[in-house]
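Down below is the structure, laid out as C-alpha cells.
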Amino acid sequence: MTVREKLGRDSPLGLQPGDPIGLLGPQEWMAAPETQAVIRALGADGAHVRFVGGCVRDSVLKRPIKDIDIATPDPPERVLALLDDHGIHAIPTGIDHGTVTAVIGKAHFEITTLRRDVESFGRHARIEYTDDWRVDASRRDFTMNALSADPQGRIYDPFDGLADLGAGRVRFVGDPFQRIEEDALRLLRFFRFHAHYGRRTNMDDRALVACRKMAHKLNTLSGERVAGELLRLLLAYDPASVLLTMYGLGILAYLLPDAKNFGRLRVLSWLESRGLARDEVQPDAIRRLAAMLTTDQAGAEAAGERLKLSGSQTKRLAAMAAPRVAMGPDLDAAVLRRALRRLGGDEVRDLTLLAWAERRSLNARLSAAETKGWVAALDTARDWVPVDLPVKGRDIMALGVGHGPEIGRLLAGIEAWWEECDYRPDRAACLAELGRMVKASSA
C-alpha cells in the first residue's frame, strides 16, 4: 500500500489515488521564460502536462537540474503542431515512440506522449498511447524516477518514490526480475542510481537478488550501453562501495573481470572530490576506471574494446595500466621534468594521482613530508610548459650530413645531451654541440 493509499484510508486529508502528494518550492528552471513558453504551447488545447523524471527527483533533493523532460497525453503529431503554432522549433527525435524535442535557444525539452508497453523487446517496446498517468509512470525503472510535477509544482507520486528518495533506497517499479528481463541495462542502472542517490546500508534486498540471478544477461548488452552506465557510476561520490557490492555478487565478472582494486579507487575518489582543492584535479571516470583495474596494457586495451571506448580513452587507460614512469613523492626533479616532456602534463598527473592513491590505500597515515612530495609533483605537472628541442634535422644537414640514418642518430644524441642538461642549452649551444658531434662522427 502506498503512502497516498494509506492517507486516503486513514487520514482526514482524504487523498485519493492520482491526487498530488506534495509541492515543489519555487524552481528557477520552471520559471525560466523558455520553460514557460513550452508549457503554454503544450497546454494551449487544455491538455494537462507535467514535468517528469530526473528534473522532479533532483529538484526534491535540491540538486542541479540537467535535463527537463515533459509528458503530455497529446500524440506527437499534435505536440509538433502546438509547438509550431507558438513559433517553437521542434525536432521529431523519437516520434515513433512518442518523443519530440523542443528547442528554444540553448534550451532543449524532451516531450513524450503518455504511453503503455504492449510488448517488450529488450531496449525497445511496442507501445500504444494512453491518457493514464499511472500507467505511463509504471514504465519507469525506479520509483524515484516515476515522480512527476505539474506546472504549479504539485508533485504526483504513484509508487512511493518520495519515501524511497528520502530513505536513500533505489526500488524498482514492480517486480525487479520482470523489469530486468525487459531490459538488462536496468541492472546496471540500479547500481548507478544507488551510487548517486542511495545509502550504503539501505539497498533493496529483492533488487539485489534479481541482479545477482540475472547478471548473465549483461552479456547481451552492447559495450556502448554498458560504458554509459559504468562511467556515470564511477563519477559518484563514493563509487567503490557500490562496485565492491557488484563484485561480491559476481556482476563485475561479466563486465570487467580485472576490476578488483577498490581500495585504490576509494582513495582516488577521495583525492579528486575532497582531499585536494585543485582546479586541474576533478572527478574523472577514465582515471577511476584505471584505478580499479588490475591488469597490464593489453588488459586495459581489451577493457577499452569491451566498453567501446574512444581511441583516445583506451590509449589513456592503457597508459595508466602500464606506466612508462614510476611516479613517487621523492622523484628526482630532472627525472620528473623528462617525464613531463615525454608524456605531457596530463599523463604525469594521472600517474601521480594513481600512485599516490595506491600508496595511501596501503598506508592511510602518510608522513607530512611524503604528502608534500606528492603535492609538489602535481604542482610541477600543473605548471609545466612544453619545450621543444631547439634544433631540427635540417640543422644537421646544414653541417654537411647527407640524408640517411645518420641524421636520426645525431638527433637522438643531441636530444639526450639536451635532456641531461635539463633543457637549459639554447639553440646556439645546441648547434655548437651538434658541430662537435658531427666532427667526432666523421673523424
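The values are calculated or read from the model by the stated rules, or taken from the named source; none is laboratory data. Remember, it's a predicted structure, so these values are computed and weren't measured experimentally. We place every Cβ from the backbone using ideal geometry, glycine too, and count neighbours over all the protein chains shown. Just the protein is used for accessible areas: all its heavy atoms, side chains included, with ligands, DNA and RNA removed. Shrake-Rupley method; radii C 1.70, N 1.55, O 1.52, S 1.80 Å.
Considering only protein heavy atoms and a 1.4 Å probe, what is the carbon-and-sulfur percentage of the accessible area of the range 38-137? Answer for the range 38-137: carbon and sulfur cover 48 percent of the accessible area.
The accessible-area ordering, largest first, of the residues 308, 62, 372 stands as 62, 372, 308, per a 1.4 angstrom probe. Restricting the chymotrypsin sites (Phe, Trp or Tyr not before Pro) of the range 179-283 to loop positions (DSSP other than H, G, I, E, B) with no more than 12 neighbouring Cβ atoms within 10 Å leaves 237.
Here's the picture: charge each Lys and Arg Cβ at +1 and each Asp and Glu Cβ at -1 in the range 21-110, and of 102, 29, 92 the one pushed furthest to the positive end of that dipole is 29. Surface exposure of the chain, expressed per residue as accessible area with a 1.4 Å probe, stands at 49 Å².
Normalised by the number of residues in the chain, the average gap of Cα pairs under 8 Å and 6 or more apart makes the relative contact order 9 percent.
Of the residues 168, 233, 256, the one whose Cα sits farthest towards the positive end of the charge dipole of the range 144-289 is 256 (charges of +1 on Lys and Arg Cβ, -1 on Asp and Glu Cβ, taken about the Cα centre). Would you mind checking the tilt of helix 223-234 against the longest principal axis of the Cα atoms of the chain, expressed as 0 to 90 degrees and rounded to 10? Helix 223-234 and the main axis of the chain meet at about 90 degrees.
Listed values (i) 5, 21, 32, 27, 12, 2, 0; (ii) 4, 19, 27, 25, 16, 7, 2, 0; (iii) 4, 16, 21, 20, 16, 10, 7, 4, 1, 0, 0 include one computed from this model; for P(r) over Cα pairs in 10 Å bins from 0, in percent that value carries the label (iii).
About the centre of its Cα atoms, the chain shows a dipole size close to 1320 debye [charges on the beta carbon of Lys, Arg (+1) and Asp, Glu (-1) only; nearest 20 debye]. Temperature 20 °C, viscosity 1.002 mPa s: under these conditions the Stokes-Einstein estimate for the range 121-278, based on its Kirkwood radius over C-alpha pairs, is 127 µm² per second. Across 399, 221, the residue with the most accessible area heads the list, and the full order at a 1.4 Å probe is 399, 221. What shape does the range 210-261 have by the C-alpha gyration tensor, where a ≥ b ≥ c are the square roots of the eigenvalues, rounded means a/c under 1.5, and otherwise prolate means a/b greater than b/c and oblate the rest? Cα axes put the range 210-261 in the oblate bin. Taking only protein heavy atoms and a 1.4 Å probe, the accessible area of the range 225-284 is 53% carbon and sulfur.
Calculated on the Cα set of the range 251-292, radius of gyration then Dmax: 11.6, 36 Å.
Between 99, 201, 371, the residue with the greatest mean-square fluctuation in the GNM of the chain (Cα pairs under 10 Å linked by springs) is 201.
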